[in-house]
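Report on the structure given below.
The values are calculated or read from the model by the stated rules, or taken from the named source; none is laboratory data. What you are looking at is a predicted structure, and each value in this text was computed from that prediction instead of being measured. Here the Cβ positions follow ideal geometry from the backbone for every residue, glycine too, while neighbour counts run over all protein chains shown.
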Amino acid sequence: MKTIKNLLVGLFVLASTLLQAENKDDFPRIEEMHNNKWEFLVEKARLSPDEIERVRPVFMNYEKTVWNLHRQNRESFKAEMKDAKKAKPNYADLNDRYVDFEFKQAQLFRNYHMQLRKLLPPETLFKYYKAEREFKRKLLQDFQDKRHPERPRPQ
């Protein structure tokens, strides 16, 4: 009996440690992704050193805010779907939350745009947004390539 108890406690401690390590690993990857995106944008939009200095804090703040919004939304929907196993989900509420999320994200982008347009000339801002779209496409393509390495990459 004592051996079983010790075994269960040991497994619980091991599982807790692994989960904590997994969560800690998540944050550097997010920071790394934000930094990689920033470097991509700087290169593709050809930002000057002065523009880099002024825009970077705005970019990082926006990225972290959007990431937190996505995380909160994901957790909320996970909890709702977990509860859906017990009872039918409230689809009207889920739909409203989905639209609210999209609206909040659009508001964040609008605020981001208003800040950037004060910091960058219109042509540079256009290149910056183009680079953001390129980065998203590249990220999706890389993700698909990792999931299906046997598929040829479209040119």
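Could you identify the single residue in P152, P121 that is over 22 Å from the mean Cα position of the chain (by Cα) and at pLDDT 90 or above?
Of P152, P121, the one residue that is over 22 Å from the mean Cα position of the chain (by Cα) and at pLDDT 90 or above is P121.
Here's the yes/no breakdown for (1) touching a Lys or Arg at 6+ places or on another chain (Cβ under 8 Å); (2) at pLDDT 95 or above:
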| position | (1), (2) |
| --- | --- |
| D26 | no, no |
| K44 | yes, yes |
| P49 | no, yes |
| E53 | no, yes |
| H70 | no, no |
| K85 | no, no |
Can you name the residue in region 28-41 that is within 13 Å of W67 (Cβ to Cβ) and hydrophobic (A, V, I, L, M, F, W, C) and is also modelled with the highest pLDDT among such residues? M33
Being free of Cβ contacts under 8 Å to residues at least 40 places away in the same chain, in a helix (DSSP H, G or I) and closer than 13 Å to L120 by Cβ is the filter here; which residues of region 34-58 pass it? V42, D50, I52, E53, R56
Does region 101-117 hold any residues that are aromatic (F, W, Y) and either within 17 Å of R74 (Cα to Cα) or within 15 Å of the chain's Cα centre (by Cα) (or both), and which are they? F101, F103, F109
